[in-house]
Amino acid sequence: MRRDPWALALRVYCGLVLAFLSLPIVVAVGVAFGSDRIARFPPTGLSLQWFGVALSSRTFLGALGNSVVLAAFTTVLTTLLALPASVALVRRRFPGQHALEAFLLSPLSLPGVLYGVSMLLFLGAGGFGLAWWGLLAAHAVIAVPYVLRTTLAVYRGMDRGLEETAAVLGANPWQTFRHVTLPLLRPGLVAGGLFAFLTSFDNVPVSIFLTTARTTTLPVTIMSYLVNQDFDPIVGAISAVQVGLVVGLLLALDRVYGVAQITSFGGQ
């Protein structure tokens, strides 16, 4: 059978787009493994010395720890907020339901810089200052739509008869939710939690306005380093570590749950 030329062209186009999007990562990782004292790609030699320099830097390690902790707390908080909101939006009918759903998803269309400045002004006007919980709240707001969207997609496609069957068999609402609803919603929660973690871990437009010297995140630290210093291989090394952490997280989820199934729900 002859292959459809349009399908082949689409595959080539998608491959070129993916290659173009991957080029910055390839360059950063290539610079990290170079032996040159200045950033150069392709490197003239191979070395791991810049990883040692980056991982011995208290500035980068502290920022990396801040990013991981902040992203983890953001994931937990957004899951706790999005899960009951999803249950209410799917299983209840009340005035303004669609408006509430649109409001909860609205941070997806809000420019990051605008939201960061607004959050900074809000915290300042309220006398809260640049507290860590303010940074957490700001990240939770921009991450909630990811968990909510994936959970809603799974919940609306779920057979409600399963919950009704559990109730007929004598399960109370809590038992039904714990043993029937929650396991079926797990793909959406995992997909949304993954997106929430990555959104928080890699955020710059909001974090740059709300961090201090003690709460600065890794992306903000890298950006500040590039502004104050030349682009040297240390930045490539710490960026490669950041990429490695994300890839490690994806591989761990793939072993435990299956990334193909997770991302299929996330794209709904």
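The values are calculated or read from the model by the stated rules, or taken from the named source; none is laboratory data. Values in this document were obtained by computation on a predicted structure and should not be read as measured data. As a convention, Cβ positions derive from the backbone with ideal geometry for all residues, glycine included, and neighbour counts pool all protein chains shown. These area figures cover heavy atoms from the full protein model, side chains too; ligands, DNA and RNA do not enter into them. Shrake-Rupley method; radii C 1.70, N 1.55, O 1.52, S 1.80 Å.
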Pair Phe122, Leu18: separation of 7 Å Cα→Cβ label points (nm): 3.8 nm
In Å², nearest 10: area of Leu80 left accessible to a 1.4 Å probe: 120 Å²
Hull-based mean projected area of region 1-151, where the convex hull spans the alpha carbons, in square nanometres: 16.7 nm²
Ratio of Rg to Rh over region 96-139 (Cα coordinates, Kirkwood Rh, two decimals): 1.07
Helix-only CD estimate at 222 nm, as mean residue ellipticity for the chain, using -39500 (n - 2.57) per DSSP H run (n ≥ 4): -24000 deg cm²/dmol
Placed amide H near Gly34: partners under 5 Å, 5+ positions off or other chain: Ser47
Rounded if a/c under 1.5, otherwise prolate or oblate - region 9-77, Cα gyration tensor axes: oblate
3J(HN,Hα) from dihedral phi, region 120-130, Karplus parametrisation 6.51/-1.76/1.60, rounded to Hz, x for glycine, proline: 5, 5, 5, 5, x, 5, x, x, 7, x, 8
The chain - percent relative contact order, Cα under 8 Å, separation 6 or more: 30 percent
³J(HN,Hα) computed for each position of region 132-148 - Karplus, 6.51 cos²θ - 1.76 cosθ + 1.60, integer Hz, glycine/proline x: 5, 5, x, 5, 4, 4, 5, 5, 5, 4, 7, 9, 4, x, 5, 5, 5
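For Gly192, what charge total do you get from the other residues with a beta carbon under 13 Å from its beta carbon, if Lys and Arg give +1 and Asp and Glu give -1?
Net charge in that neighbourhood comes out at +2.
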Karplus (6.51, -1.76, 1.60) ³J(HN,Hα), θ = phi - 60°, over region 244-255, in Hz, Gly and Pro reported as x: x, 5, 5, 5, x, 5, 5, 5, 5, 5, 5, 5
Ratio of the Cα radius of gyration of region 162-210 to 2.2 N^0.38 Å, where N counts its residues: 1.83
Normalised alpha carbon radius of gyration of region 87-241 [divisor 2.2 N^0.38 Å]: 1.36
Radius ratio Rg over Rh of the chain, counting only Cα atoms, Kirkwood formula for Rh: 1.04
Choice from Pro145, Pro219, Pro95 with maximal GNM fluctuation in the chain (Cα, 10 Å cutoff): Pro95
